[in-house]
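Taking it in order: structure first as structure tokens, then the write-up.
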There are 2 protein chains.
Amino acid sequence: MSGTERLSLAEAGRLARAALEASDVSADNAASTARALILAEIDGQGGHGLSRIPSYTAQSRAGKVKGHAVPEITSVRPGAFRVDAAHGFAFPAFDLALPELVARTRILGVASAAVHRSHHFGVAGHHCERLAEEGLVAFVYGNAPKAMAPWGAKTPVLGTNPIAFAAPMHEAPLVIDMATTTVARGKILAAREIGEPIPEGWAFAPDGTPTTDAALALQGTVAPMGGAKGAALALMVEVMSACLAGAALGTEASSLFDTEGEPPNLGQVILSLDPEALSGGAFEDRIAKLAAIYDDLDGARLPGSRRLAARERAAADGLQVKTALLDQIRKIGEGGR
Amino acid sequence: MSGTERLSLAEAGRLARAALEASDVSADNAASTARALILAEIDGQGGHGLSRIPSYTAQSRAGKVKGHAVPEITSVRPGAFRVDAAHGFAFPAFDLALPELVARTRILGVASAAVHRSHHFGVAGHHCERLAEEGLVAFVYGNAPKAMAPWGAKTPVLGTNPIAFAAPMHEAPLVIDMATTTVARGKILAAREIGEPIPEGWAFAPDGTPTTDAALALQGTVAPMGGAKGAALALMVEVMSACLAGAALGTEASSLFDTEGEPPNLGQVILSLDPEALSGGAFEDRIAKLAAIYDDLDGARLPGSRRLAARERAAADGLQVKTALLDQIRKIGEGGR
């Protein structure tokens with residue numbers, strides 16, 4: 001492909017870590033963050049991948065993200081604990097929370113962690129998937145800066161507020177991960193950059209009418225998935241993340257892309273359950289039967305099932321990344337910014 | 001209104017209990033079930049209200065629902081317990097589970113109950129609302145007999161599988177409750193009965209094409225809300241209910257309306273969290289701020305907020321119910337069936 005470059009996963013990791021470490025990020029935090037961005041890139045989620053490095057590093061150099069933050073756990077109940085991400089990147093806070101959730105869930109059957117003073121948490125499904133690989137069923141809820149209006153209104157209040165879920169299943173976990181908006185805001189940004197219209201149903205203009213003009217959509221609001229129901233789900237996610245973690249609402253959070261303003265102080269809540277305990281030992285058989293029904297049906301596909309092939313390909317062949325982005329990341333890593 | 005009759009809530013309760021008790025249902029189970037059906041009727045959810053009494057009582061007389069079932073708790077972990085609804089009505093099992101969830105959540109910060117050998121659980125949001133009135137944040141997931149196809153397929157696999165959520169909020173809990181289908185199957189049944197077409201987007205014909213023919217839709221599948229995302233949410237609910245409770249899948253469950261076949265053995269899972277603990281004491285303030293944003297916005301309305309006015313009206317004026325239905329219920333109560 002013209003304008004792109006192929007590089008191994010190891011090389012991609014080295015470049016990402018170097019850019020972060022050259023931008024006032026500790027080695028541990030750089031490793032955690034680079035790992036998450038590269039897994040997003042592998043899974044075809046470029047919007048949560050290496051493209052974040054220029055804005056991440058600009059924010060850490062500006063002190064909007066604290067690159068040397070050390071996340072901390074405060075236990076509030078046997079099954080519930082808070083994680084202070086300390087205005088650092090979100091991934092080190094998740095790396096701290098997940099093993100603690102596994103340990104508590106194995107004992108209690110269910111546990112929950114609330115992450116606050118947090119930042120962009122990447123592909124929500126990846127955090128759930130790690131818990132499912134430990135045999136747990138898991139949810140992650142996180143909020144984001146305002147982009148969507150409450151149903152019937154015109155003013156943005158809620159973010160793209162994803163719902164993510166994973167459950168253990170024979171070969172690999174079932175992973176469900178969706179924004180509660182019709183599309184991620186990044187897709188509208190991309191359409192504006194190349195001067196193309198957006199499909200109907202993606203967004204509303206500032207006056208609340210549907211629009212296919214990407215520039216107008218960016219001044220307006222992103223449409224919820226499924227109309228009023230999607231807007232209600234986004235509100236549920238806002239309560240489960242911002243309110244339950246005691247963090248900033250989507251109306252209060254600063255941008256995750258630029259260096260302006262205070263740290264965004266987003267909230268994320270993780271919930272995990274022990275399915276074999278709750279089901280009286282029936283879970284494995286039940287989900288295998290459900291998966292077999294999907295496998296046997298013409299046209300049906302379990303959500304998230306394409307990621308495994310993508311990961312095999314990336315392990316063998318590496319990643320194909322835009323040369324302009326790689327040059328930018330290399331320059332940041334050499335201290336050139 | 002012609003063909004309808006107004007009766008007090010007390011009188012409606014008496015009639016519902018009498019019909020159930022005359023149909024081989026214990027007094028305790030009749031009281032629990034009648035209370036749930038009447039609250040649905042009050043909230044304008046007629047499909048989960050008194051209209052269920054003829055089919056409920058036919059099922060208990062036939063022994064498909066065990067009217068004298070006594071639900072039982074088995075604790076599997078400190079934060080997790082199973083509730084055997086024993087093929088009785090679902091409401092007595094919920095009445096048993098909810099106080100136990102409150103007690104465990106207050107201690108542990110989070111708890112979960114899995115109900116199996118269960119039946120139609122009515123308005124999902126009502127169960128969550130009761131937990132929110134105790135100061136907890138709650139989810140209920142339940143499955144239903146197959147009505148929706150996996151995205152891309154034509155064969156029904158998943159039910160209307162609702163997601164319900166509630167959280168404590170100043171005057172009354174925030175309640176979010178939605179089927180993951182575009183509409184409840186009952187609305188398509190109603191359209192067929194009066195011989196009217198259904199709106200586009202509600203359902204697919206057996207060949208997988210969209211249809212506005214209600215009869216064809218009933219042979220086909222109900223559309224998920226929001227396309228592929230809604231179908232993924234319905235799958236998530238199936239895993240969270242049938243699989244996690246060790247109950248029947250939507251493909252296995254018998255009808256909730258007729259006396260044919262084995263008991264449906266549906267599954268329901270309830271999750272509750274202590275929001276003040278998890279948020280470090282910030283929850284009440286955060287959700288009040290979020291609610292104030294909705295209150296101040298033109299056109300925005302918090303989901304579920306209309307129920308309070310409906311309940312005040314019903315307490316003052318009683319219920320308006322179809323005379324034909326009331327006559328049927330009275331006849332069942334007199335042993336006439």
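Structure data summary
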{"read-out": "Residues of the range A:23-82 classified as buried (at least 22 other Cβ atoms within 10 Å of the Cβ) and aliphatic (A, V, I, L, M), total", "value": "10"}
{"read-out": "Of residues in the range A:18-50 being part of a helix (DSSP H, G or I) and at pLDDT below 95, the one farthest from residue A:87 (Cα to Cα)", "value": "A:46"}
{"read-out": "Residue within the range B:255-276 that is of a type outside the set (S, T, N, Q), touching a Lys or Arg at 6+ places or on another chain (Cβ under 7 Å) and under 30 Å from residue A:266 (Cβ atoms) present", "value": "yes"}
{"read-out": "Residue B:259 out of contact with any Phe, Trp or Tyr (no Cβ under 7 Å at 6 or more places or on another chain), at the interface with chain A (Cβ under 7 Å from one of its Cβ atoms), surrounded by fewer than 23 Cβ atoms within 10 Å (Cβ to Cβ) and touching a residue at least 60 places away in the same chain (Cβ under 8 Å)", "value": "no"}
{"read-out": "Test: residue in the range A:65-81 that is assigned to a helix (DSSP H, G or I) and either in contact with a Leu (Cβ under 7 Å, 6 or more places away or on another chain) or in contact (Cβ under 8 Å) with a residue 60 or more places away in the chain (or both)", "value": "no"}
{"read-out": "Selection from the range A:278-295 of residues that are facing chain B (nearest Cβ under 9 Å), in a helix (DSSP H, G or I), of a type in the set (A, V, I, L, M, F, W, C) and out of contact with any Lys or Arg (no Cβ under 9 Å at 6 or more places or on another chain)", "value": "A:283, A:287, A:290, A:293"}
{"read-out": "Selected residue (criterion: nearest to the other protein chains (Cβ to nearest Cβ)) from residues of the range B:217-227 that are touching a residue at least 12 places away in the same chain (Cβ under 8 Å) and touching a strand residue (DSSP E or B) at 6+ places or on another chain (Cβ under 9 Å)", "value": "B:225"}
{"read-out": "Flag for residue A:209 being polar (S, T, N, Q) and either buried (at least 22 other Cβ atoms within 10 Å of the Cβ) or in contact with a helix residue (DSSP H, G or I) (Cβ under 8 Å, 6 or more places away or on another chain) (or both)", "value": "no"}
{"read-out": "The range B:145-173 residues that are away from chain A (no Cβ under 11 Å) and within 30 Å of residue A:292 (Cβ to Cβ), paired with ones that are among the acidic types (Asp, Glu) and surrounded by fewer than 20 Cβ atoms within 10 Å (Cβ to Cβ) (beta carbon under 9 Å, 6 or more apart)", "value": "B:145/B:252"}
{"read-out": "Enumeration of residues in the range B:88-119 that are in contact with a Pro (Cβ under 6 Å, 6 or more places away or on another chain) and at the interface with another protein chain (Cβ under 9 Å from one of its Cβ atoms)", "value": "B:108"}
{"read-out": "Count of the range B:296-311 residues which are of a type in the set (A, V, I, L, M, F, W, C), more than 30 Å from residue B:10 (Cα to Cα) and assigned to a helix (DSSP H, G or I)", "value": "0"}
{"read-out": "Among the residues listed as A:80, A:97, the single one being of a type in the set (A, V, I, L, M, F, W, C) and within 15 Å of residue A:118 (Cα to Cα)", "value": "A:97"}
{"read-out": "Single condition residue B:330 does not satisfy, out of (1) part of a helix (DSSP H, G or I); (2) more than 13 Å from every other protein chain (Cβ to nearest Cβ); (3) at pLDDT 95 or above; (4) under 22 Å from the mean Cα position of the chain (by Cα)", "value": "(4)"}
{"read-out": "Extreme residue, surrounded by the most Cβ atoms within 10 Å (Cβ to Cβ), among residues of the range A:148-177 that are over 23 Å from residue B:304 (Cα atoms) and modelled with pLDDT under 95", "value": "A:172"}
{"read-out": "Out of A:275, A:210, sole residue that is touching a strand residue (DSSP E or B) at 6+ places or on another chain (Cβ under 8 Å) and more than 12 Å from chain B (Cβ to nearest Cβ)", "value": "A:210"}
{"read-out": "Filter result for residue B:324 (outside the structural domain of residue B:135 (by TED's automatic domain parsing), out of contact with any Gly (no Cβ under 6 Å at 6 or more places or on another chain) and touching a residue at least 40 places away in the same chain (Cβ under 8 Å))", "value": "yes"}
{"read-out": "Residue that is touching a helix residue (DSSP H, G or I) at 6+ places or on another chain (Cβ under 7 Å) and assigned by TED's automatic domain parsing to the domain that holds residue B:173, where the choices are B:113, B:144", "value": "B:113"}
{"read-out": "Residues of the range B:237-246 that turn out to be within 9 Å of chain A (Cβ to nearest Cβ) and within 17 Å of the chain's Cα centre (by Cα), as a count", "value": "4"}
{"read-out": "Selected residue (only one of B:155, B:160 is within 18 Å of residue B:236 (Cβ to Cβ) and polar (S, T, N, Q))", "value": "B:160"}
{"read-out": "Residues of the range A:182-208 satisfying the condition of being at pLDDT below 95 and not in a loop (DSSP other than H, G, I, E, B)", "value": "A:185, A:186, A:187, A:188, A:189, A:190, A:191, A:192, A:193"}
{"read-out": "Residues (among the small types (Gly, Ala, Ser) and part of a helix (DSSP H, G or I)) located in the range B:95-141", "value": "B:97, B:103, B:124, B:125, B:132"}
{"read-out": "Filter result for residue A:315 (more than 13 Å from every other protein chain (Cβ to nearest Cβ) and assigned to a helix (DSSP H, G or I))", "value": "yes"}
{"read-out": "Residues being facing another protein chain (nearest Cβ under 7 Å) and surrounded by fewer than 12 Cβ atoms within 10 Å (Cβ to Cβ) - total across the range B:296-306", "value": "1"}
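Results for (1) touching a strand residue (DSSP E or B) at 6+ places or on another chain (Cβ under 8 Å); (2) under 27 Å from residue B:222 (Cα atoms), shown as yes or no for each residue.
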residue: B:80; (1), (2): yes, no
residue: B:91; (1), (2): no, yes
residue: B:96; (1), (2): yes, no
residue: B:107; (1), (2): yes, no
residue: B:127; (1), (2): yes, yes
residue: B:135; (1), (2): no, no
residue: B:148; (1), (2): yes, yes
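Yes/no per residue for (1) of a type in the set (A, V, I, L, M); (2) under 20 Å from residue B:221 (Cβ atoms):
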| position | (1), (2) |
| --- | --- |
| B:132 | yes, no |
| B:157 | yes, yes |
| B:170 | no, no |
| B:175 | yes, no |
| B:180 | no, yes |
| B:192 | no, yes |
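The values are calculated or read from the model by the stated rules, or taken from the named source; none is laboratory data. As the structure is a prediction and not an experimental result, all values here were calculated from the model. No Cβ is skipped: glycine too gets one built from the backbone with ideal geometry, and neighbour counts run over all protein chains shown.
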